[in-house]
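Enquirer: Quick one: structure below, then a few questions.
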Number of protein chains: 2
Amino acid sequence: MLGMLPRAVAAPITEAWPFAAIPQGWTAMKLETVDIRQAASAADIVYEALRKAIIEGDLAEGENLRQDQIALMFNTSRIPVREALSRLEQNGLITTQRYKGAVVAGLSIEEIEEIFEFRALIEAEVIRLAVPKLTGKTLDAARRHCQAFDSEANSAMWGEINRNFHYSLYEAARRPYYLQIVRASLDRIDRYLRAQLTLTNGMSRARREHKGILDACIAGDADKAAELTRDHILGAGRALVTFLEETRGRND
Amino acid sequence: MLGMLPRAVAAPITEAWPFAAIPQGWTAMKLETVDIRQAASAADIVYEALRKAIIEGDLAEGENLRQDQIALMFNTSRIPVREALSRLEQNGLITTQRYKGAVVAGLSIEEIEEIFEFRALIEAEVIRLAVPKLTGKTLDAARRHCQAFDSEANSAMWGEINRNFHYSLYEAARRPYYLQIVRASLDRIDRYLRAQLTLTNGMSRARREHKGILDACIAGDADKAAELTRDHILGAGRALVTFLEETRGRND
DNA sequence: AGATTGTATATTGGATCCGATGTTTCTATG
DNA sequence: CATAGAAACATCGGATCCAATATACAATCT
C-alpha cells in the first residue's frame, strides 16, 4: 500500500516526524489523521492534511501558508504543495495572491449566514429523502454516534462526532452528489462552529436536538425529521452569528 | 493587462494560434472564449478553456486528455496543465489515473437524475429569494435574454442563453454561495442538455416555461416563480433522461 | 527630517529534467 | 502459427533550476 507513494512522502508515517523543521504554530498538524492508503499522490496527502488543519481550526484565519515551509513539513518539493493549494483555493478554503502567497480564507458574517441558510435547505431535504430508506443497522449507528456526544469529554472531538451523527443518517438517502455539497459547505464553517461549541455551552442544545431528530427518524416521520434538522441548523447558525458578533465587530 | 501573464501564454491571443501543434479533434477549442484579464496564472487559462470545452461538449465523454498535448496547445509546460487538471478533477469534470492519464468524466443516468433533482431544489429556492429583490433593470435584462431565445438560430448558443436568462434572475437573490453551487451543478450536466436540446425540439417548451417564470417574476409572485422553476428543471431532467435512455442503454 | 530611489531578500509561477510505471510491439520458442 | 517474455515507448508525478515580482531596508536628495 505505502509503496504506491513516493517513499519520501510516506516516510513520516513510520519514521520520526521532523518536527524541528516545522515553523512555529504548526506542530498541531498531524499527518496520521490522513488516510495514506486512499491518496494517489503526494498532493492528495498535502491537500487532505491542510484541509483537515483548516476545518479543525489548527490553522487560524489569515494565517500565511508558505509553499516552501509546507514542502519542508511534508518532506517533498513545492510542486505537490502548489497543487494542493490550488485545490484548496478552488474550494474556497484559502485565497492566494501571486508573489505574495496564500492565506487561510475568512468568512464574513453575511457569508456564514448564507452558508447556514443553504445547509438548512439541503440537509433538511437529504434527511427527508433518507428517512424512508433507513434500516435498523443505520439507525443503530446513528444512535451510537448520538450517545457518543454524552460520553465524549474532549471538546476537540465534538465536530467529528457531530459530522458522524448527521452523515450516518444522510448516507441512507443514497444521494452522493448532495452529500458532496453538504461536506463542502460544512468544511467552510466547521472551524467557527467548533470554536463556538467549545467556548459557549451550545452542546446541551445540540444534544437535545439530535435526540429529537433521531426520534423522528425512528418514528419514520420524514417531514418532522426534515423540519427539526432545518431548525437545528438555523438555530446553530443564529447562535454562531451572535457569538461572532460579540467576538468581532459586525463588519469583518 | 496582458502583461500580468507570462508572455508565452498570452501570446496566442494576439499572434497566430499554433493550430499545427493541436492534435486532431481539438481545433474546436478557442482560447478567445477565456477572459485572459481575469486569469492570475497560466493554470487559470488552461482550466477555464478546458472547463468550457467540456461543458460545451467539444470534448466528448471519455476523451483522453494528455498533459503534453494540452501543454503544446497552450504553448506552456505541463506544470500549469497538471494544476488545471487537478482542479477539474476536484470539480468532477474529469477523472485521472496515475500513469494512464485523464479522461472526461461521464455521468450515469442515476447521477444525472440526482443532479437535476438537486438543481430543482436549489434554483427554486434561489428564485424565491430573488423575486422580492428584483428591480426594473434586472427584469429588463431577463426579458432581453428570454427574447434572445427566439431570435437565436444557432443551437450552439442555446446553452449560453439559457444560463444568461436564469442567472440574470438569480443574481438578484444576492446569494453568491448558492450561485457558485448552481454553476457547478450546471457545469456537470450542461453538455448533455445541449445535445438533447439540439437533437430534439425541446426548445419550444423551454421558451414557454421561461416566459411563465418571467411573468411570475414580473408579477412579484415568488412562490409561483419557484414552483415553475422547479417544474421547469424537473421536466427538462425527465426529457433528458428519456432521451439518453433511447440513445444509450439504461446501464451506462 | 522626510521623501524617494535603488538594492537585497523573499516568494511565487513556470520550464526542464528524471525516475517510476503502464502499454505496445517485437522476437524467440514450443 | 500461437504465445510468452523482453524491450522499446508513452505517460505521469516529482525534483530542481530559473525568471518575475513584491516587500523591506538602506542610501541619497531636497
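Enquirer: Using the basic label-point model (7 angstrom from Cα toward the beta carbon), what is the B:E227 to B:E111 distance in nanometres?
Expert: The answer from the label model is 3.5 nm.
Enquirer: Okay, next question. Could you pull out the trypsin sites (Lys or Arg not before Pro) across segment A:192-250 that fall in loop regions by DSSP (anything but H, G, I, E, B) with no more than 15 other Cβ atoms inside 10 Å?
Expert: Here the trypsin sites (Lys or Arg not before Pro) that fit, given the DSSP loop and packing criteria, are A:R248, A:R250.
Enquirer: Give the residue list of trypsin sites (Lys or Arg not before Pro) in segment B:54-98 that are DSSP loop and have at most 16 other beta-carbon atoms within 10 angstrom.
Expert: B:R66, B:R98
Enquirer: Next question. Under the convention of a label 7 Å out along Cα→Cβ, give the distances in nm from A:G220 to the same position in every other copy, shortest first.
Expert: In nanometres, ordered from closest: 4.6.
Enquirer: Using the 7 Å Cα-to-Cβ label point, sort the distances from B:E63 to its equivalents in the other copies shortest first and give them in nm to one decimal.
Expert: Counterpart label points of B:E63 in the remaining copies fall at 4.2 nm.
Enquirer: Can you give the log10 of the normalised intensity I(q)/I(0) at q = 0.09, 0.12, 0.20 Å⁻¹, computed with Debye over equal Cα scatterers of segment A:109-247?
Expert: Debye output, listed in q order: -0.24, -0.43, -1.25.
Enquirer: Name the chymotrypsin sites (Phe, Trp or Tyr not before Pro) in segment A:81-177 that are in a loop by DSSP and that have at most 14 other C-beta atoms within 10 Å, would you?
Expert: Filter output for segment A:81-177: A:Y99.
Enquirer: Now a separate question. Using the crude model of +1 on Lys and Arg Cβ and -1 on Asp and Glu Cβ, and no other charge, please compute the dipole size for segment B:109-247 relative to its Cα centre, in debye to 20.
Expert: 600
Enquirer: How are the alpha carbon pair distances in segment A:27-162 distributed across 10 Å bins from zero to the largest one, expressed in percent?
Expert: 10, 30, 31, 23, 6, 0
Enquirer: Continuing with the same structure: Determine, from the Cβ-Cβ distance of B:R208 and B:R143 and an R0 of 22 Å, the FRET efficiency 1/(1 + (r/R0)^6), rounded to the nearest 0.05.
Expert: Working from the Cβ atoms, E equals 0.90.
Enquirer: Can you give the mean number of other chain Cβ atoms that lie within 10 Å of the Cβ atoms in peptide A:115-123?
Expert: The per-residue average across the peptide is 3.
Enquirer: Based on the inverse mean of 1/r over its pairs of different Cα atoms, what is the Kirkwood hydrodynamic radius of segment A:43-116, in Å?
Expert: Roughly 12.6 Å, rounded to one decimal.
Enquirer: Please compare each pair in A:K52/A:K100; A:K133/B:K52; A:K137/A:K211; B:K52/B:K100; B:K137/B:K224; B:K137/B:K211 to a cut-off of 26 Å on the Cα-Cα distance and tell me which ones are over it. Don't jump to the answer; show the numbers that get you there.
Expert: Working: A:K52/A:K100 23 Å; A:K133/B:K52 38 Å; A:K137/A:K211 17 Å; B:K52/B:K100 23 Å; B:K137/B:K224 21 Å; B:K137/B:K211 17 Å.
A:K133/B:K52, as the Cα separations exceed 26 Å there.
Enquirer: Would you work out the relative contact order for segment A:133-204, in percent, from Cα pairs under 8 angstrom that are 6 or more residues apart?
Expert: 35
Enquirer: Distance between the C-alpha centers of segment A:182-216 and segment A:128-147? Whole Å please.
Expert: After rounding, the separation between the Cα centres reads 18 Å.
Enquirer: I would also like to ask the following. Mind checking A:129-135 for the average number of partner chain beta-carbons within 10 Å of each residue's beta-carbon? Numbers along the way, then the final one.
Expert: Details: counts 1, 0, 0, 0, 0, 0, 0.
Taking all residues of A:129-135 together, the mean is 0.
Enquirer: Treating the point 7 Å from Cα along Cα-beta-carbon as the label, what are the nm separations from A:G101 to the other copies, to one decimal?
Expert: Distances between equivalent label points, in nm: 3.9.
Enquirer: Work out the mean other chain Cβ neighbour count within 10 Å for the residues of A:80-87 and drop it here as an integer.
Expert: Mean shielding count: 4.
Enquirer: Any idea how far apart B:S77 and B:Y99 come out in nm if each label point goes 7 Å out from Cα toward Cβ?
Expert: Here the modelled spin labels are 2.4 nm apart.
Values quoted throughout were computed directly from the atomic coordinates according to the rules given, and no laboratory measurement underlies them. Predicted model, so just to flag it, every value in this text is computed and none were measured. Backbone-built Cβ (ideal geometry, glycine too); neighbour counts: all protein chains shown.
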